[in-house]
1. Give me the accessible area per residue for the range 1-52, probe 1.4 Å, as a whole number in Å².
2. Using the Cα centre of the chain as origin and beta-carbon charges of +1 (Lys, Arg) and -1 (Asp, Glu), tell me which of Val188, Thr128, Pro29 is placed farthest towards the positive end of the dipole.
3. Would you mind estimating how fast the chain diffuses translationally, via Stokes-Einstein at 4 °C and 1.567 mPa s with the Kirkwood radius over Cα pairs, in µm²/s?
4. Calculate what fraction, in whole %, of the accessible area of the range 100-210 sits on carbon and sulfur atoms when a 1.4 Å probe is rolled over the protein chains.
5. From Cα pairs below 8 angstrom and at least 6 apart in sequence, can you work out the relative contact order of the chain, rounded to a whole percent?
6. Starting from the residue with the highest accessible area, list Asp229, Asp56 in decreasing order, probe 1.4 Å.
7. So, with +1 on the Cβ of K and R and -1 on the Cβ of D and E, and no other charges, what is the size of the charge dipole of the range 103-178 about its Cα centre, to the nearest 20 debye?
8. Can you figure out the FRET efficiency of Arg184 with Arg43, using R₀ = 22 Å and their beta-carbon distance, to the nearest 0.05?
Amino acid sequence: MKTWEIYAIRHATNDSRTRGVNFISDPDPTALLTLDFFCWVLRSGDEVIVVDTGLDPAKGAKNGHSQVISPPDGWAALGVDPAQVSTVLLTHAHYDHLGYLDALPNARFYMQAEEMAYVTGPWMEKPTFRHAYWPDEIARLVHLLYDGRLHLHGRDHDVADGISAHWVGGHCAGQEVLRIRTERGWVVLASDALHYYEEYERGIPFTVAFNISDMIAAHDRIRTLADSDDHVLPGHDPRLLGLYPAVSSELEGKILRLDLPPEKAS
Ligand SMILES: [Zn+2]
């Protein structure tokens, strides 16, 4: 059975956000809570799959997010040649997951069909739902679709031996999570179905939501897909830095290895 290594590139961070910005009705809304930004690389032998492509730093700067390492530099540090990447999974189309699409010239992209319908449909008339999307990036997806380089799949999709994608919705209409077989068992890369472990632990919603009931129901779905709570990986939590090792001392704080067991002591 094929197993996969999971690498997280911490490409950006924002240490000025508060709990009130992150969580709905938080009892301590003025306390600071850093939001980190990750994109991922999955590797099994020679096979590489890229998951999300990080954020365009100019767009991120408008929201106070500063770049830590560019995703292309992160791929290079992992020995990944972007021209050789054939598969890119997009967990959803928010702009912090859709930068650098053009840095992968030979890739085929995969996304939930419901996300594409959402970002090109009537909900985008509402500022509250469109504010984490950028029309130039959505237009880029349309071009990739017409070029035969974007496959829009149904809710549950087998990606490769040991990797499947599953719709959960909630954060946006087409949010998905990935179930990945590793040496330590089935891991769920939750992406933005969980920004923080705390959402999962306390059953609370993140502020950016299309459908809060789907967002909360996703927690149970993730529990059924993962071997244990220690096999669940949120998409934006700085706590990951204390739980998982950097791939090297030079890449401390920049690239983590997430398929290994978490360090309980930290
Ligand atoms: Zn995100």
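1. On a per-residue basis, the range 1-52 sits at 40 Å².
2. Thr128
3. Roughly 71 µm²/s, to the nearest whole number.
4. Answer for the range 100-210: carbon and sulfur cover 53 percent of the accessible area.
5. The normalised contact order for the chain reaches 19 percent.
6. Asp229, Asp56
7. Magnitude of the dipole: close to 180 debye.
8. Calculated value: 0.90.
The values are calculated or read from the model by the stated rules, or taken from the named source; none is laboratory data. Only a predicted model underlies this, so the values are computations on that prediction, with no experimental measurement involved. Ideal geometry is used to build each Cβ from the backbone, glycine not excepted, and the neighbour counts take in all protein chains shown. Only protein heavy atoms, including side chains, enter the accessible area calculation; ligands, DNA and RNA are left aside. Shrake-Rupley method; radii C 1.70, N 1.55, O 1.52, S 1.80 Å.
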